[in-house]
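The values are calculated or read from the model by the stated rules, or taken from the named source; none is laboratory data. Note that this is a predicted model, so its numbers are computed, not measured. Note: ideal-geometry Cβ built from the backbone for every residue, glycine included; neighbour counts use all protein chains shown. Calculation scope for accessible area: heavy atoms of the full protein, side chains included, ligands and nucleic acids excluded. Shrake-Rupley method; radii C 1.70, N 1.55, O 1.52, S 1.80 Å.
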Amino acid sequence: MAVAPSPLHTSLTFSPFLSHHFFASLDPCWSLTLHTIQLTPETSLLEAGASAASTAAALENLQVEASCSVCLEYLKEPVIIECGHNFCKACITRWWEDLERDFPCPVCRKTSRYRSLRPNRQLGSMVEIAKQLQAVKRKIRDESLCPQHHEALSLFCYEDQEAVCLICAISHTHRAHNVAPLDDATQEYKEKLQKCLEPLEQKLQEITRCKSSEEKKPGELKRLVESRRQQILKEFEELHRRLDEEQQMLLSRLEEEEQDILQRLRENAAHLGDKRRDLAHLAAEVEGKCLQSGFEMLKVRPLPLHSPSGRAQYSFAQDVKSTLEKCEKVKTMEVTSVSIELEKNFSNFPRQYFALRKILKQLIADVTLDPETAHPNLVLSEDRKSVKFVETRLRDLPDTPRRFTFYPCVLATEGFTSGRHYWEVEVGDKTHWAVGVCRDSVSRKGELTPLPETGYWRVRLWNGDKYAATTTPFTPLHIKVKPKRVGIFLDYEAGTLSFYNVTDRSHIYTFTDTFTEKLWPLFYPGIRAGRKNAAPLTIRPPTDWE
């Protein structure tokens with residue numbers, strides 16, 4: 001008589017992971033469990049527990065589905081007939097033994113005109129797996145008995161860290177020990193492991209983020225290095241072939257710095273990768289133990305130890321305790337990051353002047369002040385090299401078209417329509433000042449806003465410590481060393497006006513624009529504020545940096 005199929009019998013599909021060759025290298029039970037649960041470092045313990053319970057039921061169903069509906073035994077040489085059901089080859093052959101045509105299916109009764117039997121090798125592999133699972137289940141059941149008294153290992157001894165049966169617990173060996181039900185001990189250790197899992201995952205995520213950040217830094221470093229390289233090349237273009245030696249030296253230093261940072265980044269990335277793998281392995285180990293049964297987690301070692309009395313004892317595996325210790329060590333693990341900041345004083349400039357001065361002295365501008373442009377509140381020195389602000393306006397000054405009457409500044413006697421020119425201005429300890437250049441066509445009589453749009457390119461100081469380039473809006477300048485002297489370098493054709501802190505040889509700011517008119521050096525000594533800003537602005541010969 002045919003047996004009615006189970007609900008799964010007519011809908012079972014076989015995924016590729018049931019291949020016999022795949023499971024040949026894995027423990028059958030846990031191979032199927034791992035492929036079903038598909039744990040990741042982010043899988044929570046509760047989700048994993050639910051998946052494990054579902055898997056256990058699936059394993060039971062697997063054994064049922066691996067049986068023949070005729071003989072109710074495991075399938076032997078399974079074959080599939082036309083309707084899709086599977087039977088032992090011998091069973092279906094006997095079932096159809098006296099039939100000549102219209103061969104019915106023992107399960108669904110659907111008939112076929114021909115005796116069509118196709119071997120189902122994949123199902124045969126699954127049957128072998130089901131047999132192995134049954135053997136593993138039987139082995140686990142046998143191992144859960146006390147090897148001495150053949151009673152169930154239902155208790156756990158905290159002193160000896162081993163699972164014991166009830167007789168062991170009341171024996172002389174464990175009588176004075178702290179003993180608890182195995183399930184309670186299992187739950188206690190699982191809770192401890194679960195507490196370790198959260199910081200483990202957090203540390204793992206931290207390292208993953210840090211490693212990801214470190215892996216992006218070489219590209220960012222490359223962009224920074226390229227930007228710095230272009231800056232160096234642009235500045236050294238102004239020196240042509242005569243500064244090639246210094247240029248190559250700086251590029252070599254930059255390349256060495258890049259390689260040094262890249263090497264440290266690679267080493268740190270590799271170090272973080274090792275830590276990440278170790279943590280991932282530890283997290284997987286913790287999750288795996290959390291999914292184990294109480295016995296599996298706290299099972300007895302297979303090798304017996306002999307006590308002084310001569311009786312065999314079994315030592316509890318220290319895996320759980322060792323795992324907890326490793327989890328504790330992770331809490332103090334440090335995650336380091338490599339800085340890709342380049343050398344701070346890499347661009348102490350203006351090298352293009354300090355070296356060029358020795359080569360092309362014609363770049364040094366002989367700047368003097370033009371009294372015809374000076375505001376009435378400004379007083380020039382006899383040599384026309386310095387200017388200061390006074391409270392009382394000078395009388396009898398002709399109001400010429402060239403004179404500034406609103407903005408208290410003064411221009412140089414010579415302007416520039418081409419070439420490169422460099423001059424230095426001593427600002428000392430003044431609290432207010434501005435230096436730069438202006439166009440020939442700027443308004444000199446009415447109220448004005450000195451910005452590049454109106455023909456002024458300046459760097460200024462106010463309130464004693466606030467430096468800015470007068471762009472739109474102002475660009476704050478963060479200057480570490482207060483400049484006593486400021487260098488101005490104009491490259492008319494290149495459209496650049498650069499300012500330098502001569503005190504510490506550092507670059508302050510560079511304007512980039514297109515110059516079409518004559519440019520005049522401009523000097524604003526600032527309004528006098530008591531004695532703090534009484535000192536003049538003075539044009540000085542450029543510093544010789546021998």
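For the reader, a short list of remarks on this structure follows.
- Val136 of a type in the set (A, V, I, L, M, F, W, C), surrounded by 14 or more Cβ atoms within 10 Å (Cβ to Cβ) and out of contact with any strand residue (DSSP E or B) (no Cβ under 8 Å at 6 or more places or on another chain): yes
- Some residue of the stretch 168-183 being assigned to a loop (DSSP other than H, G, I, E, B), among the β-branched types (Val, Ile, Thr) and farther than 30 Å from Asn61 by Cβ: yes
Residue by residue, here is whether (1) polar (S, T, N, Q); (2) farther than 20 Å from Ser441 by Cα; (3) not assigned by the TED database to the domain that holds Trp423 holds:
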position: Glu453; (1), (2), (3): no, no, no
position: Trp457; (1), (2), (3): no, no, no
position: Asp465; (1), (2), (3): no, yes, no
position: Ala468; (1), (2), (3): no, yes, no
position: Thr475; (1), (2), (3): yes, yes, no
position: Lys484; (1), (2), (3): no, yes, no
position: Gly487; (1), (2), (3): no, yes, no
position: Ala494; (1), (2), (3): no, yes, no
position: Tyr500; (1), (2), (3): no, yes, no
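- Exactly one residue out of Glu453, Glu447 is surrounded by fewer than 20 Cβ atoms within 10 Å (Cβ to Cβ) and within 14 Å of Phe404 (Cβ to Cβ), and it is Glu447.
- For the stretch 422-444, residues that are β-branched (Val, Ile, Thr) and open to solvent by 20 Å² or more (accessible area, probe 1.4 Å) total 1.
- Total residues in the stretch 176-220, condition closer than 22 Å to Leu298 by Cα and among the small types (Gly, Ala, Ser): 3
- The condition (being more than 44 Å from the chain's Cα centre (by Cα), over 30 Å from Ala283 (Cβ atoms) and buried (at least 19 other Cβ atoms within 10 Å of the Cβ)) is satisfied by just one residue among Cys168, Cys157: Cys168.
- Residues (touching a helix residue (DSSP H, G or I) at 6+ places or on another chain (Cβ under 8 Å) and of a type in the set (D, E, K, R)) located in the stretch 320-340: Lys326, Glu328, Lys331
- Restricting the stretch 381-408 to residues that are modelled with pLDDT under 95 and of a type in the set (A, V, I, L, M), the residue that is nearest to Leu522 (Cα to Cα): Val390
- Condition check for Lys532: at pLDDT 95 or above and surrounded by fewer than 20 Cβ atoms within 10 Å (Cβ to Cβ): no
- Being under 22 Å from Ser144 (Cβ atoms) and surrounded by 15 or more Cβ atoms within 10 Å (Cβ to Cβ) is a property that Glu201 lacks.
- Qualifying residue in the stretch 501-508 (condition: among the hydroxyl-bearing types (Ser, Thr, Tyr) and at pLDDT below 95): yes
- The single residue among Ile479, Ile488, Ile527, Ile508 that is assigned to a strand (DSSP E or B) and either open to solvent by 10 Å² or more (accessible area, probe 1.4 Å) or free of Cβ contacts under 8 Å to residues at least 12 places away in the same chain (or both) turns out to be Ile508.
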